[in-house]
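These notes concern the structure reproduced below.
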Amino acid sequence: MIDGTEALLLIVIPTVAGLIFALSQYFKIAEIELEQKDERQRLVIGKEGGNEDSFSKLVELNKQIKEGAEAFLQEEYTVCSIFIFCFAILVFVLTSRHGDEWDFTIGGVTALCYVCGAVVSMICGYIGMMIAVFSNARTTLSAAEGWSQGFNTAFRAGIVAGFFLVSFGVLMFYTLIQLINLQYPFSSEPSVSTPSTTTKLFECITGFGLGASTIALFGRVGGGIYTKAADVGADLAGKVIQGLPEDDARNPATIADNVGDNVGDVAGMSADLFGSLAEATCAALVVSITSVELLSAGWGAILYPLILSASGIIVSALTALIALYIQRVDKENDIDLVLKVQLAVSALLMIVVCYIISVSCLPDTFILGEGNNTKTVNSQGAFFCVGFYSA
């Protein structure tokens, strides 16, 4: 069985490696200059209908979209911060009440976890949006060279956002668990009469998932409403009233539409994905502490969901290298093939990894649930549920 130190290594090493991998891909994208003329920019200027102003307009439009996206997120996150502060007080009051007694320590820790989840979610959304606007114009320049260069730039942008989100999220989740563990130490001896410190530990951590969900709601719904309003407004003002083609740069609403695509589809999606990760992990952790066998197995069994997520970072990194350095996109149809290979290879590798982790972390047989509502599970059964679901 995996002990606490091994669990630490299996979580921290992949997450740090994921952050380094994301940073390396960011530097690859940053090599594409927007300020100084290079071969890519000459290709854009040399295209049919292109001229010296084409590149200047590209840079200017990208700058306007970036400024608009930052302004929207600043306003949205200001409102989110006010809501988080008020709702954290409500979380503190409601979670401090246990039966006929008050425990303000539990309430305070849960409220702190809620704030941490919300802040991490906002960071993930902001980073996702910033890498999108950072890569937009650079993808255009790369696409002037060919399908392969354009795809690789866009794919690297996705790598930066995706790997940062999962790596940073899992690392912060694990760090928060260890910090709360100082107040409520993990115990492999479940208490029958009163809630154990382990129960309190993982009940408090559920606030992290709630905070992440809060920002996901604001980002996905708020950003989505904005982008739809901008899209319809652009069509009405441009196509219907002025007779301009769709997405014409002369239509100011087109900028708002592109801003909406970034804040809704990118920032909102990033926060939504992190929210899903945090919620699912919190639910699995809470369920796991109902099992005497899992508690007796130690940290390795309890942190099984986090270890799985961390292992997925390494699998995804290896799979991404196939698209970047082995497969080549020479025409439009190749994009679909490359992405399908990504799904197939990552699923197959993850099935193997899930099996190894399942038999290494989990006891051969364990019981989930309490009272009359229990279920006997074995490590192979857990593997089939998790491994084939991920495929």
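The values are calculated or read from the model by the stated rules, or taken from the named source; none is laboratory data. These numbers come from a predicted model, not from an experiment. Counting neighbours? That spans all protein chains shown, and the Cβs are built from the backbone with ideal geometry, glycine included. These area figures cover heavy atoms from the full protein model, side chains too; ligands, DNA and RNA do not enter into them. Shrake-Rupley method; radii C 1.70, N 1.55, O 1.52, S 1.80 Å.
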Between helix 304-321 and the chain: long-axis angle, C-alpha atoms, 0 to 90°, nearest 10: 30 degrees
Cα-based Kirkwood hydrodynamic radius, the chain, one decimal, Å: 23.2 Å
Among F164, I65, V341 the positive-end extreme of the charge dipole of the chain (Cβ point charges): V341
Surface accessible to a 1.4 Å probe, V12 within the full protein complex, Å²: 40 Å²
For F104, solvent-accessible area (1.4 Å; no DNA, RNA or ligand), Å²: 120 Å²
Over the chain: helical MRE at 222 nm, DSSP H runs n ≥ 4 each giving -39500 (n - 2.57), nearest 500: -25500 deg cm²/dmol
Where the Cα pairs of region 96-159 fall when distances are cut into 5 Å bins, in %: 4, 16, 14, 11, 9, 8, 8, 6, 6, 6, 5, 4, 2, 1
Between 0 and 90°, nearest 10: helix 147-183 axis offset from the chain longest Cα axis: 30 degrees
Rounded to 10°, Cα long-axis angle of helix 379-390 versus longest principal axis of the chain: 20 degrees
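Just the number please: accessible area per residue for region 117-190, 1.4 Å probe, all protein chains included, in Å².
Values: 2510 Å² over 74 residues.
So region 117-190 comes to 34 Å² accessible per residue, rounded to a whole number.
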Accessible area expressed per residue, region 215-274, with surrounding protein chains retained (probe 1.4 Å, Å²): 48 Å²
The chain - percent of accessible surface contributed by carbon and sulfur, probe 1.4 Å: 63 percent
Exposure rank, largest accessible area first [C116, C385; 1.4 Å]: C385, C116
Accessible surface of F208 - all protein chains present, 1.4 Å probe, nearest 10 Å²: 0 Å²
